[in-house]
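Some notes on the structure that comes next.
Read-outs throughout are calculated quantities, based only on the coordinates presented, and are distinct from any laboratory measurement. These numbers come from a predicted model, not from an experiment. Note: ideal-geometry Cβ built from the backbone for every residue, glycine included; neighbour counts use all protein chains shown.
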Amino acid sequence: MKKILVAFGTRPEIIKLTPVMHELKSSDFDVITLHTGQHNQLAEEMLQLFRIEPNYDLKSMGTTSDLFELTEFLLPKIKQLLYTVKPDSVIVQGDTTSAFLCALAAFYLKIPVYHVEAGLRSFDIYNPFPEEVNRKQISGIASAHFAPTSQAKQNLLNEGVDPSVIFETGNTVIDALYKIKELKQYANSVPEILREIPEEEKLILVTAHRRENHGEPLEQIMSALVEILDQHEQLLILFPAHPSPAVQEIVHLEDYKHPRLKVIQPLSYLSFHHVLDRCDVILTDSGGIQEEAAALGKTLLVLREKTERQELIESGFTKLLGSDKKLIVKETLKVLASGISRQKFNPYGNGDASKKIVHLIKNQL
Ligand code: UDP
């Protein structure tokens, strides 16, 4: 039985790797889970929902968000763990610093690394920071690259990655999205706040938490939300705010108080998906939510200056607004006025990405 170590630490990593772990287990792999533990509050809820008890938990939460200290803390621990577990291979997802450090440690020990959601590029090393460099470094190490889209595959080909180890699979976030709707508890997880919104009221869902938006950009975004509400009646804005102090210290400021701007705690994954289904427009800087919006055919506007999901821009599905207050107000009012057409553009697959990935690992790698 092949021993495969799957590493995760953040909410999106858990969401995107759970379907892969399920497939691995039903394909007779010995799956060892490593929780790098940096976003515990959000990650914990995911682990409970998916009934995952990590075999190892490095508990880096609270240690630091300083990248030097995080590296210093995690790298020796991952080294020790790899010596103990001796996996045949390691799976990492996406672009966190912990995913990069797991890949680096595995490389130092000559353990093959498989990269889920490979090939995303913004072509700006400082945006998103440090994720763009993290994922490029993982691409330099990985023995197999599971690209979610043809664009991601092309990015890897352009960088000279061996074509025989790049596989276009779709994005496992779509697998997760379909799977949760089959869960028994899904129907019972409609958040209270949704029940209170009259049917005729439009709903905008907002999330913004990335480092690039901390400080002044987030202030601009909040101020834009208030302006949108001032200019549009029968509209509610729901903002489940990330627990990061850099987000919390701005979103609750007196200047941004408005009776129809509801800044709430992050929603559970199941509740969040009820809101995704109900909302009319999504404003976000999140990567995963952009993918979910595409799969659900929701009107999407992106609160980023740069993107690694270029296909969503090129297809005309969405626009990059950054944190430009005027632009956010203008474009949001425009989509609200246009009656909010349901566009369809989903380059992320139909929910079988994890099946494809595990089939490849089992039969080809
Ligand atoms: N999400 C959630 N509750 C929330 C906000 C987001 O469960 O209140 C989920 C969402 O469905 C998506 C993921 O979290 O799958 C996105 O995570 P995040 O925005 O933190 O990270 P990113 O995708 O930008 O890396």
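So here's what we get for this one:
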| quantity | calculated |
| --- | --- |
| Shape parameters for the chain, alpha-carbon atoms, Rg then Dmax in Å | 20.2, 62 |
| Of Lys110/Lys362; Lys202/Lys326; Lys298/Lys326; Lys86/Lys306, pairs whose Cα-Cα distance is over 31 Å | Lys86/Lys306 |
| Tilt relative to the chain, helix 216-231 - C-alpha long axis, 0 to 90 degrees, to 10 | 40 |
| Total formal charge among the other residues, if their Cβ is under 14 angstrom from that of Asp255, Lys/Arg +1 and Asp/Glu -1 | -4 |
| Formal net charge of residues neighbouring Thr307 (Cβ-Cβ distance under 14 Å; K, R +1; D, E -1) | -4 |
| For Asp28, net neighbour charge (Lys/Arg +1, Asp/Glu -1) across residues whose Cβ lies under 15 Å away | +2 |
| Trypsin sites (Lys or Arg not before Pro) within region 96-198: DSSP coil, no more than 14 neighbouring Cβ in 10 Å | Lys110, Lys181 |
| DSSP-assigned coil residues among GluC sites (Glu not before Pro) in region 1-105, each with at most 10 further Cβ atoms within 10 Å | none |
| Within straight-line cross-link reach of Lys16, lysines at Cα separation under 16 Å, skipping those fewer than 8 residues along the same chain | Lys25, Lys179, Lys181, Lys355, Lys356 |
| Selection of trypsin sites (Lys or Arg not before Pro), region 1-102, meeting DSSP coil and at most 15 other Cβ within 10 Å | Lys2, Arg51, Lys59 |
| Whole-number percent relative contact order across the chain, with pairs defined as alpha carbons under 8 Å at least 6 apart | 16 |
